[in-house]
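What follows is a short report on a single structure.
The values are calculated or read from the model by the stated rules, or taken from the named source; none is laboratory data. All values derive from a computational prediction rather than experimental measurement. With ideal geometry, Cβ positions are generated from the backbone for all residues, glycine too; neighbour counts draw on all protein chains shown.
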Amino acid sequence: MPSRKLRWGVISTSNIGRVAVIPAIRAAKNSELVAVASRDAEKGRDFAQRLNIPRSYGSYEALLAAQDIEAVYIPLPNSLHREWAIKAAQSGKHILCEKPLALNAAECLEMEAVAQENHVKLMEAFMYRFHPQTQVVLELVKQGVPGKVHLVHSSFTFRLTRTDNIRFKPELGGGALMDVGCYCVNFSRMVIGSEPVEAQAYARWGSTGVDDQLVGTLRFADGTLAQFDCGLTLERRESFEVVGTEAALYSSQAFLPGTEELTFFERRGRKGEIPHKVQGADEYQLMVEYFADCVLEDKPLRFPASEAAANMRAIDALYRSARADGKPQPVQR
Ligand SMILES: NC(=O)c1ccc[n+]([C@@H]2O[C@H](COP(=O)([O-])OP(=O)(O)OC[C@H]3O[C@@H](n4cnc5c(N)ncnc54)[C@H](OP(=O)(O)O)[C@@H]3O)[C@@H](O)[C@H]2O)c1
């Protein structure tokens with residue numbers, strides 16, 4: 001058992017906090033949920049009451065001023081991540097911030113610098129990295145089970161029904177690549193184990209101006225390719241295929257594998273496929289416990305903000321390409 005629990009505040013009454021991360025903070029062995037803040041005091045009070053959260057604040061500033069809160073979880077619209085992560089760091093709070101960490105790589109680096117100056121930890125909340133399936137796949141790749149990986153395919157699409165959703169608002173950092181394509185980019189870079197040098201993308205732009213759909217390719221220095229598609233207006237799909245010289249690893253539950261036991265497959269052409277069973281887990285709880293452990297024990301993060309900046313460099317280049325009708329763009333170093 002950990003010697004003490006990290007004391008958390010949650011910034012906003014967001015949906016993802018309500019359904020996944022607040023329950024995860026509650027379930028985490030080394031964490032304690034202290035308060036929530038909303039722009040609207042009454043909304044914050046109602047939320048706190050319904051979710052049985054001890055305190056609520058009527059502004060984000062008020063929560064950041066609370067001396068007994070050590071860490072904050074930031075599930076704000078993407079365009080607000082930078083501002084509130086910086087304010088949290090300046091208030092001496094450790095920060096678990098939703099994905100994508102910011103609107104672009106430059107913002108990620110600025111946030112990282114402020115976190116460092118204030119001696120606090122900052123991590124992007126890509127929860128799928130903590131699920132056992134992701135760990136097993138990375139281990140199989142490391143052992144060379146698929147052979148040399150030259151190609152990663154991934155998809156993350158779903159259909160939003162509400163047109164007033166933050167994901168359709170360009171001014172809030174909406175768009176399919178920002179919302180779900182960022183997982184595909186993150187997974188591809190992690191499996192390939194290096195940074196892409198060039199990006200190409202085509203988008204289907206929606207009426208509000210965000211990418212409702214985007215198909216992207218990343219080229220790595222040794223010629224390895226990653227291809228993905230993402231969308232906010234399509235049937236739900238989430239899959240990866242890690243294709244090597246000997247086998248392909250395939251999962252249809254790539255990013256939200258869930259708490260039930262699941263199976264992914266090692267496909268070996270005519271030789272058939274080998275099922276790999278993986279235990280289910282609450283990936284949000286594992287992420288919260290990992291982050292709290294790094295804070296409480298003052299350990300370096302496996303996924304620091306510089307890693308989020310690298311992801312955003314690829315996303316920046318993909319958007320540049322999509323806006324240039326698919327003209328390939330270099331990924332900045
Ligand atoms: N890791 C995951 O599995 C996952 C899943 C879904 C979303 N996310 C990420 O989590 C973040 C939030 O997504 P969500 O779907 O939970 O959003 P949401 O339900 O729309 O919540 C966003 C919250 O931000 C606050 N807010 C402040 N300024 C706002 C503005 N101008 N417009 C709208 N809301 C504003 C609101 O809280 P108050 O009114 O209480 O201040 C609102 O409840 C995004 O970065 C998204 O990418 C991650």
Check every one of the helices (runs of 4 or more DSSP H) wholly within segment 36-142 and list those with 1 or more residues that are modelled with pLDDT of 95 or more, out of contact with any Asp or Glu (no Cβ under 6 Å at 6 or more places or on another chain) and more than 15 Å from the ligand (Cβ to nearest atom). 60-65, 81-90, 105-117
Filtered residues of segment 154-179 (kept if within 10 Å of the ligand (Cβ to nearest atom), hydrophobic (A, V, I, L, M, F, W, C) and within 15 Å of the chain's Cα centre (by Cα)): MET178
Conditions (1) under 17 Å from the mean Cα position of the chain (by Cα); (2) surrounded by fewer than 22 Cβ atoms within 10 Å (Cβ to Cβ) -> ASN52 fails only (1)
Meets criteria (buried (at least 18 other Cβ atoms within 10 Å of the Cβ) and more than 21 Å from the chain's Cα centre (by Cα)) for ILE86: no
Listed residues GLN253, GLN279, GLN227, GLN285; which is within 16 Å of the ligand (Cβ to nearest atom), surrounded by fewer than 22 Cβ atoms within 10 Å (Cβ to Cβ), polar (S, T, N, Q) and in contact (Cβ under 8 Å) with a residue 60 or more places away in the chain? GLN253
For segment 202-221, give me each residue that is in contact with a Pro (Cβ under 9 Å, 6 or more places away or on another chain) and crowded, with 20+ Cβ neighbours inside 10 Å. VAL210, LEU218, PHE220
Filter segment 256-271 for residues that are in contact with a His (Cβ under 8 Å, 6 or more places away or on another chain) and either within 16 Å of the ligand (Cβ to nearest atom) or small (Gly, Ala, Ser) (or both) and give the result. PRO257
Residue ID - nearest to the chain's Cα centre (by Cα), chosen from residues in segment 1-30 that are closer than 27 Å to VAL180 by Cβ and away from the ligand (no atom under 13 Å from the Cβ): ILE25
